[in-house]
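Below is one structure, written out as structure tokens, with a few remarks after it.
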There are 2 protein chains.
Amino acid sequence: MARWEPNASGRLREAAMALYTERGYEQTTVGDIAERAGLTARTFFRYFADKREVLFAGSEALEGALRSAVDEAPEDASPMQVVAAVLDGIAALIGRDRDYSRQRQVVIDATPELQERELIKLARLALVLRDALRARGVSDPEAGLAAETALAIVRVGFDRWINTDDERELADVLRESLARLETLVAP
Amino acid sequence: MARWEPNASGRLREAAMALYTERGYEQTTVGDIAERAGLTARTFFRYFADKREVLFAGSEALEGALRSAVDEAPEDASPMQVVAAVLDGIAALIGRDRDYSRQRQVVIDATPELQERELIKLARLALVLRDALRARGVSDPEAGLAAETALAIVRVGFDRWINTDDERELADVLRESLARLETLVAP
DNA sequence: CACGTGATGTCACACCGTGTCATTAGAATC
DNA sequence: GATTCTAATGACACGGTGTGACATCACGTG
């Protein structure tokens, strides 16, 4: 038996998601979230750095998955082949629950503050990818460009995956976006 | 003769830049900035939406320049040719004062909050570019990909322009990054 | 000179996020 | 089973952010 009601962090995440959806991010105070979770605002800030972060738990897991995908790619894979593998890894993690992704994205799209947080999370992912590519010998500007390109594909593909009725897996949409980019950017 | 000391907005910008550089963003209060500019905190918030925005005045001008560059591109230019023109337009605007850009970037790089704001400004630029491309007939996923690609080049190229000793113009660095990307991403 | 107008100041306020210390519920030990 | 230890939580105070409401000031205009 746990000491207190179990899963405080999860309760806070759920409460926040519910309130952000019901009345909007700005109309929700940290006190509201904590109260709904049966806790206090002070405890909220022990689990999450700020009011935004509660929607972005799990981004560390994404970074880990990204690193793994790069590490497990064949030694002789080209940078863009590694990118393709990374896209698969990302899709496997965030491509499971499209309804949840949609609800979360509605909240984020309605709130500039949350968009900022999402963008910096993606930027961090790009840095992790860039460094992982460097670590396997990709030269300097190429690694950065490949990483930025990968994230560009994620942005565009994820948006498409969320905002269309078509039932394809996220991984498939990302692969298609990559293919499109290759032909688009061809000199 | 002006009614009060002229150029309140400019004084606030300078004061903020100076204080952010001297003691750091977090160690500076809005009251400090206003005092240095001979104003009050309340007046600061009449000119800038928040403490971060004071470093990002002029981003509307960038959006305008971007739109102009797209509009003035030849009718039959390919999406990536339009992107090239846009890169020139951006370079003309932010490529003038490398020392100022460096100082500003030092502050931003030291402050996650400011990085978030910079990222959302760039994302807005990408949206403006995407819509401008759509307006000239570029199809849907291509327009988004081209816009994201352009911004990826700006990120990587601007970083390179700031962090190297080589004396080339920003426009040249951006063109080189574009060329690199084309060969990198070629299937 | 009186008046209007826009920029600035003053004040009050809700909320954010943090430091500090007290309290609690269970685990561990004897 | 009582005592002690420990980690999660609560309570409180506080500085800072950002906003609404209203007063004030400096100047142009009639």
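The values are calculated or read from the model by the stated rules, or taken from the named source; none is laboratory data. Because the structure is predicted, anything quoted here is derived from the model rather than measured. Cβ placement follows ideal geometry from the backbone for every residue including glycine, while neighbour counts extend to all protein chains displayed. When the accessible area is computed, the model is the full protein with side chains, heavy atoms only, and any ligands, DNA or RNA have been set aside. Shrake-Rupley method; radii C 1.70, N 1.55, O 1.52, S 1.80 Å.
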Q: Please work out whether the stretch B:70-137 counts as rounded, prolate or oblate from its C-alpha gyration tensor, where a ≥ b ≥ c are the square roots of the eigenvalues and a/c under 1.5 means rounded, while otherwise a/b larger than b/c means prolate and anything else oblate?
A: oblate
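Output the direction-averaged projected area (hull surface divided by four) of the convex hull of the alpha-carbon atoms of the stretch A:8-54, in nm². Show your work: numbers first, answer last.
Values: hull surface 10.2 nm².
Here the figure is 2.5 nm², rounded to one decimal.
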Q: Which order do the peptides A:114-126, B:175-187 take when ranked by the mean count of other beta-carbon atoms within 10 Å per residue, highest first?
A: A:114-126, B:175-187
Q | At 7 Å out from Cα toward Cβ: B:D166 inter-copy label distances (nm, ascending) | A | 4.0
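Report, in order of residue number, the helices in chain B meeting two criteria: a C-alpha extent of 15 Å or more along the helix axis, and a mean Kyte-Doolittle hydropathy of at least -0.5; treat each whole DSSP H run as one helix.
B:8-23, B:59-72, B:79-94, B:112-135, B:140-162, B:170-185
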Q) Within 10 Å of each Cβ of A:121-132, how many other protein chain Cβ atoms are there on average? A) 1
Q) Using 1/(1 + (r/R0)^6) with R0 = 51 angstrom and r between the beta carbons of B:T43 and B:T183, what's the FRET efficiency to the nearest 0.05? A) 0.45
Q | Unit charges on C-beta of K, R, D, E only; dipole of the stretch A:1-72, Debye | A | 320
Q. In whole Å, what three semi-axes, largest first, describe the equivalent ellipsoid of the protein assembly as shown built from its Cα gyration tensor (square root of 5 times each eigenvalue)?
A. 33, 32, 20
Q) Sorted by packing (mean other beta-carbon atoms within 10 Å per residue), highest first, where do B:144-154, B:30-40, B:58-68 land? A) B:144-154, B:30-40, B:58-68
**Q.** Average partner coverage of B:175-184, which counts Cβ from other chains inside 10 Å
**A.** 4
Q.
Stokes-Einstein diffusion coefficient for chain A at 4 °C in a medium of 1.567 mPa s, Rh from the Kirkwood formula over Cα pairs: what value in µm²/s?
A. 72
Q | Inter-part distance where the stretch B:49-91 and the stretch A:22-37 are each reduced to a Cα centre, Å | A | 38
Q: Take the solvent-accessible surface of the protein heavy atoms, probe 1.4 Å, and return the percent of it on the stretch B:8-54 that carbon and sulfur atoms account for.
A: 46
Q) How many partner chain Cβ atoms sit within 10 Å of a residue's Cβ in peptide B:154-165, on average, as a whole number? A) 2
Q: Show the residues, 5+ positions off or on another chain, whose built amide H is closer than 5 Å to the amide H of B:G95.
A: none
Q) Between chains A and B, what is the buried accessible area summed over both chains (1.4 Å probe, protein heavy atoms, nearest 100 Å²)? A) 2800
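Can you work out the accessible area per residue across the protein assembly as shown, with the rest of the protein chains kept in place, probe 1.4 Å, in square angstrom?
51
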Q) Under a point spin-label approximation (7 Å from Cα along Cα-to-Cβ), what is the A:A18-A:E60 distance to one decimal in nm? A) 2.6
Q: Estimate the FRET efficiency between B:S101 and B:E26 by the formula 1/(1 + (r/R0)^6), using the beta-carbon distance for r and 30 Å for R0, to the nearest 0.05.
A: 0.85
Q) To one decimal in nm, how far is A:A41 from the same spot in the other copies, if labels go 7 Å from Cα toward Cβ? Please give the shortest first. A) 1.6
Q) Relative to the isolated chain, which residues of the stretch B:100-118 have their accessible area cut by 50 Å² or more in the presence of all protein chains (1.4 Å probe, heavy atoms, no ligands or nucleic acids)? A) B:E116
Q: With runs of 4+ DSSP H residues as the only contributors, calculate the mean residue ellipticity of chain B at 222 nm using -39,500 (n - 2.57) per run, divided by the residue total and rounded to the nearest 500.
A: -23500 deg cm²/dmol
